[in-house]
1. Considering only the range 184-198, I want to know if a residue exists there that is touching an Asp or Glu at 6+ places or on another chain (Cβ under 9 Å), closer than 18 Å to Phe138 by Cα and assigned to a helix (DSSP H, G or I).
2. Given the conditions (1) modelled with pLDDT under 95; (2) aliphatic (A, V, I, L, M); (3) crowded, with 21+ Cβ neighbours inside 10 Å, and given that Ile77 satisfies all but one, which numbered condition is not satisfied?
3. Name the residues in the range 199-249 that are outside any helix (DSSP H, G or I), of a type in the set (A, V, I, L, M, F, W, C) and more than 21 Å from Gly145 (Cα to Cα), would you?
4. Cβ contacts < 8 Å: first residue more than 14 Å from Ala239 (Cβ to Cβ), restricted to the range 127-138; second residue exposed (fewer than 14 other Cβ atoms within 10 Å of the Cβ), any location; separation 6+ or different chain. Result?
5. Using the structure shown, decide if Met165 is under 22 Å from Gly216 (Cα atoms), within 17 Å of the chain's Cα centre (by Cα), surrounded by 15 or more Cβ atoms within 10 Å (Cβ to Cβ) and modelled with pLDDT under 95.
6. Being surrounded by 20 or more Cβ atoms within 10 Å (Cβ to Cβ) and modelled with pLDDT of 75 or more narrows it down to one residue among Ile107, Ile99; which is it?
7. For Asn137, which of the numbered conditions (1) in contact with a Lys or Arg (Cβ under 8 Å, 6 or more places away or on another chain); (2) of a type outside the set (Gly, Ala, Ser); (3) in a helix (DSSP H, G or I) fails to hold?
8. For the range 133-160, name all the residues that are of a type in the set (A, V, I, L, M, F, W, C) and closer than 12 Å to Ser103 by Cβ.
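The values are calculated or read from the model by the stated rules, or taken from the named source; none is laboratory data. The structure displayed is predicted, hence computed values, not measured ones. Here the Cβ is made from the backbone with ideal geometry for all residues, glycine too, and neighbour counts use every protein chain on show.
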Amino acid sequence: MINKTQITLFIKKWIDATKVVKLLLTFIGKFLSMKKNLFISSLFISIFFFYQCTHKNYCVSSDATQKEHIVIQQQDIDSATYKFILPYKTNIDKDLNVIIAHSSSPIEKNSYCNNLAQLVFESMQWYADSLLSPTSNFYVLINYGGLRANIPAGNILKKHIFEVMPFDNSIVILKLNDETLKQLISQTQSNNKLLLKFKNTTPTSILVTSDYLYQGGDGCTFLKSAQKLNSKTYFIRDAIIRYCSLKKELSIPCFH
């Protein structure tokens, strides 16, 4: 008979596990590159974590199949889902634990320096330069709330960038008219979730931002009418990974 204490403990562990599930699903979705497979994976992972979260102690078999077999002690349930998940987990772990760069100091989201925002700005600028021109000027607009984790000092792994930006937000390049540009500047002055920075002082009407803001997120509905200049989908996360890989040794200044 399940009592209230067991139910409470299960709910607490389930909430913690869903955070891991969400991140793992993002990785699997990227690995499979198919929405329907993401749904199937979601189903099996949910079953796996259901058993994992209800029981703390596990017994792994000691035979040759120990990497593919797990037994949950209290109910003696053979978790076939573990065998299903393992090949994906092994490949994902191998890919995400690759060292892409190094930083002697942490790269953080905070009020006094916010060099994490500067890293995102530099990465988006790098990508825009590859499509436009290294000499062209443009604004870069990012939403502060979209940065979800800090990067510790030392070796930077690919998984750190996934933790910073777990969402599949892509880069869009827009051409703004005078009225939209005025609205943009006004909105960034009144909304501290938005960070706006231009590449140089040359007058420009070009804005580099995310599809989330382009579609009206964080009060930016005025951007919906802007002319989109790029057609290829390229995730901000991938731009950060590529930029870090090219730089190797990072020394990111504060965002100003």
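1. Taking the range 184-198 first, the residues touching an Asp or Glu at 6+ places or on another chain (Cβ under 9 Å) are 187, 191, 193-194.
So of that shortlist, the ones also closer than 18 Å to Phe138 by Cα come out as 187, 194.
Then keep just the ones that are assigned to a helix (DSSP H, G or I); that gives 187.
Yes, that holds for at least one residue.
2. It is condition (3) that Ile77 fails.
3. Keep residues of the range 199-249 that are outside any helix (DSSP H, G or I), which gives 199-210, 215-216, 220, 226-235, 248-249.
Applying the additional criterion that residues be of a type in the set (A, V, I, L, M, F, W, C) yields 206-208, 220, 226, 229, 235.
Passing the criteria: Ile206, Ala226, Leu229.
4. Asn137/Asn200; Asn137/Thr201; Asn137/Thr202; Asn137/Pro203
5. Details: under 22 Å from Gly216 (Cα atoms): yes; within 17 Å of the chain's Cα centre (by Cα): yes; surrounded by 15 or more Cβ atoms within 10 Å (Cβ to Cβ): yes; modelled with pLDDT under 95: yes.
Yes: the conditions hold for Met165.
6. Numbers: Ile99 fails: surrounded by 20 or more Cβ atoms within 10 Å (Cβ to Cβ).
Of the residues listed, the single one that is surrounded by 20 or more Cβ atoms within 10 Å (Cβ to Cβ) and modelled with pLDDT of 75 or more is Ile107.
7. The one condition Asn137 does not meet is (3).
8. Step one: of the range 133-160, the residues of a type in the set (A, V, I, L, M, F, W, C) are 138, 140-142, 147, 149, 151, 153, 156-157.
Those that are of a type in the set (A, V, I, L, M, F, W, C) and closer than 12 Å to Ser103 by Cβ: Ile151, Ala153, Ile156, Leu157.
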